[in-house]
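Since the structure comes first, as C-alpha cells, the remarks are kept for the end.
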Amino acid sequence: MVMAERETRSESAHERPTKERTTAFLARGIVRTGLVVLGTVLLLFALGQAFGLDLLGALADFVGTQTGRWLAVAFFALVIISVAASGWRYRRPPA
C-alpha cells in the first residue's frame with residue numbers, strides 16, 4: 001500500500017504543469033535565500049553579543065562603501081547560483 005502511494009505521488013509530481021513546477025522551484029529558492037540572510041544576520045548578532053563587538057554595525061558600515069556593495073551583490077549572486085544548481089540535482093521525468 002505504501003509503495004503504491006509513493007508511485008502515485010511521484011507520478012503526480014511529474015504530471016504537474018511546467019509553470020507550477022517552476023513556481024514551486026522559485027518559491028523554494030526565495031525561502032532558502034531568505035533563510036541564508038536571516039541566518040547570517042543572526043550569526044553576526046550572536047557573535048557580536050558573545051564577544052562584545054558590534055559586528056552588525058561593522059557589516060553595515062562595510063556594505064555602505066562601494067566595494068562592500070559590490071561584494072554584497074556578489075554574495076547574493078552566489079546564493080542564486082547555488083539555488084539554481086540545486087535544481088539540477090532533481091531527477092528529470094522520462095521522455
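What follows draws every value from the coordinates through simple rules; no lab data is involved. Computed from a predicted model, the values in this text were never measured in an experiment. Virtual Cβ from ideal backbone geometry, glycine too; neighbours counted across all protein chains shown.
Odds and ends about this structure:
- Computed from the C-beta positions of residue 28 and residue 59 and an R0 of 22 Å, the FRET efficiency is 0.25 to the nearest 0.05.
- Normalising by residue count, the stretch 17-87 has a Cα convex hull of 85 Å³ per residue.
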